[in-house]
Each structure stands twice: as structure tokens, then as C-alpha cells.
Amino acid sequence: MKFKIKAVVAALAMVAAGGANAAINPGQSGQGAGELFLSVYDSVAAESYTRDLGITVDDFITSLGSSSSSSWNSSFTAKLATDSVYTNLFGNNNSANMVWNLVGVRTDKPGADVAKYGLYATSNDASSAVSSMSYTNLKSSMLQANSYIAGANSDANVQFGDALNAYAQNRSTTNTSSTDDGYYGNAITWSSDIGRSLTFNDEAAVGTSLAFYHIGAKYDPATNKLTSPAGTYTDLFAGTWALTANGALSYDVASAPPVPLPPAVLLLGSALAGLVGVARRRQQDEVLSV
């Protein structure tokens with residue numbers, strides 16, 4: 001477990017150091033596990049930024065535990081420094097106008113990895129909004145994410161001369177074209193609801209932490225298929241992602257808050273304190289009466 005966590009942190013460190021250029025793995029069948037990627041958008045300046053984190057959904061899950069929500073609560077921590085592409089694009093921008101999200105896709109069909117299938121996305125809404133997502137919307141959001149990834153990879157190819165299938169090469173890309181698939185502000189492809197396919201808001205202002213969810217599809221063992229009637233399920237990761245105004249990204253599992261004492265215990269403590277006070281007053285009265 002510790003080795004796997006270190007491997008993920010090392011992968012993030014390689015991205016922070018610069019590396020080659022972006023080519024996000026979309027996680028489609030036959031292409032391996034999809035990679036997590038960060039998107040940032042300044043609505044006033046009409047500029048967007050996409051960063052391949054160089055970490056697959058599988059690596060992320062393995063570092064946290066098994067593909068079960070009850071195990072996704074380890075003390076895994078990842079930190080990713082800003083890069084020159086982010087700084088050059090947003091260095092003079094007002095962070096109050098900037099929003100961000102973080103997404104990954106895993107499209108494996110039934111089999112050993114069926115529990116990993118689905119959308120991995122940040123959210124600024126209540127868990128109930130995330131869990132209300134239908135199977136149809138889930139599939140649509142995954143297709144939209146793949147369209148956005150294709151746009152970002154195409155941008156990288158134009159800007160840096162990347163081979164689009166070089167998924168081991170990771171960096172950042174920018175886009176200022178409102179009609180491009182890789183442009184964050186394109187409401188048909190991306191924006192705050194991944195092309196209008198989500199039941200929740202997946203973005204927040206830069207400087208705000210976001211919860212991280214896995215929305216998966218229920219599996220019908222009788223037909224060996226992921227079917228619409230079976231619906232979806234939602235897993236909430238214990239940690240949160242955070243992006244600072246200067247572009248530094250981190251994932252942290254917050255320490256558990258103190259467990260509040262039950263009311264009965266508090267009442268018992270108050271009663272005992274009262275009895276102690278009465279006993280002391282009696283002792284003082286006896287001393288004074290001697």
C-alpha cells in the first residue's frame with residue numbers, strides 16, 4: 001500500500017517538474033484506465049486551461065484502498081505545484097472570475113473492473129444532487145468528457161506537437177475558442193455540468209475545496225450487463241481536492257472531527273459535578289460549625 005501511494009505521488013511530482021506535453025487518456029475500451037484531469041476557466045477573460053494529472057483512475061483507487069467506498073478513507077495525500085502554462089495564462093487574471101473542476105472516466109464493461117466503471121468528478125452540491133443522476137445521464141456525461149478530452153488533446157497537438165496516443169506524456173493546454181470542444185466555456189461540451197448531462201454542479205471558485213465522487217452503474221449479474229433499469233450508485237471519497245489561486249493542486253483526507261459525547265454522558269457528568277459541589281459545601285459547613 002505505501003509503495004503504491006508513493007508511486008502516485010512520484011507520478012504527480014513528474015508532472016509538476018514539467019515533463020512532456022498533454023495527452024489525456026480518455027479511459028475508453030481498449031485504451032486502459034482513464035486519467036484524471038484538471039480544468040480551469042476565467043469567464044471574464046474567456047480563457048480556459050486543462051491539465052493532465054498523469055494519474056489513472058485505477059492508480060487513484062489503488063492508493064486509497066479497494067474499489068469500495070468503505071475503504072476510500074486512507075490518509076493519502078497528493079500535491080501538485082503550479083506550472084508555467086497556468087502562470088502565463090492566468091498570472092494577471094482576477095481569481096474571483098475563475099472556476100475549476102476535476103474529472104476522470106472509466107468505461108470498462110462488466111468483468112473484474114466493473115466496480116470502477118463510471119464518472120469520477122468533483123462537486124460543490126449536496127450528495128443528494130449527485131446521487132440523483134440517472135444511468136442515461138451517466139453515459140451521456142462520460143461521452144461528453146471524452147469529447148472534451150479529445151478537444152484538449154487536439155489543442156496539445158497544435159500547441160506542442162504531441163502524439164495524441166502518447167498517454168504517458170503529461171502537461172497542460174490552453175484554449176480561448178468558444179466553439180472548440182476543449183474549451184471549458186463551451187456549454188455543449190463542458191462548463192459546470194459537463195454538457196448539461198449532470199444533475200449537479202461540478203465546479204467551484206478557485207480557492208474552494210471540492211468533494212470528489214464516483215458515479216457508477218449497477219450491474220445485473222443475470223444478464224452480465226450494465227443496464228438502465230439497474231440505475232446508478234454514488235461513492236463519496238473521504239478526501240477533497242483544492243486548487244489555490246496560483247494553480248497549486250492538492251488532494252487531502254481531512255482528519256476526523258472529534259466525536260461528540262452523547263447527551264446522556266453529558267447529563268451524567270453534570271450530575272456528578274453537582275454532587276461533588278454539594279459534598280464540598282457540607283464539609284465546609286461542618287468545619288465552620290466546630
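The protection proxy used here, the mean number of other Cβ atoms lying within 10 Å of each residue, ranks peptides 48-54, 127-133 as follows, highest first: 48-54, 127-133. Note on region 131-219: Rg/Rh from C-alpha atoms, Kirkwood Rh, equals 1.00. Note on K218: aspartates and glutamates with a C-alpha under 18 Å away, same-chain residues under 8 apart excluded, are D108, D113, D235. Which entries in the list K79/K116; K139/K225; K116/K225 go over 21 Å, if you measure between the two C-alpha atoms of each? In this structure, K79/K116 lie more than 21 Å apart at Cα.
Only the coordinates and a few stated rules stand behind these numbers; no lab work does. The structure presented is a predicted model; accordingly, all values stated were derived computationally and were not measured. Counting neighbours? That spans all protein chains shown, and the Cβs are built from the backbone with ideal geometry, glycine included.
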